[in-house]
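Shown next, in C-alpha cells, is the structure this report addresses.
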Amino acid sequence: MKKNKNAILLSAKHDTGINILKQKTAQIIASNTTQKESVYITSKRQHDLLLGVMKELVAASNSTTKNQLELISIHLKESLKQFDWIVGKTTADDILNTIFSEFCVGK
C-alpha cells in the first residue's frame, strides 16, 4: 500500500487527529483564498443572513469539542443555505419548485 504524505490519520472515537485535520483544513483554505475586491453589505437582510451564518458556524465549532459529527453536519448545511441566500444561489423560485416537486398538491 502506498503511503500518502498528505493523509491525516484520525479517529473520532478515540479523539485523535481532529486538531491536525482542523489545522490542515484552515491552511488549505487560507492558501487558496485571495481577496480580489472589497465586499460590502448593502442591506439589513444580508446583515441578518451573515449573522445567521456566523451563529451556525459557531454552533458547528462548539459541537467539535463534543465529537457530535451529526450536529456539525447540520450546522454546516444550515450555514451554507443561508450563505446561498446572500449570494443569490437559492431563490424563492427554487424553494417553490422544491415544495411542489416533493409534495402532492391535490385538487
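Just so you know, all these numbers are worked out from the coordinates, no wet-lab data involved. If you're wondering where the values come from, they're calculated on a predicted model, not measured in any experiment. In this analysis, Cβ positions are derived from the backbone assuming ideal geometry, glycine residues included, and neighbour counts consider all displayed protein chains.
Ranked by the mean number of other Cβ atoms within 10 Å of their residues, highest first, the peptides 3-11, 54-62 come out as 54-62, 3-11.
For ILE28, the shell of other residues with beta-carbons less than 15 Å away shows a net charge of +3, using +1 for Lys and Arg and -1 for Asp and Glu.
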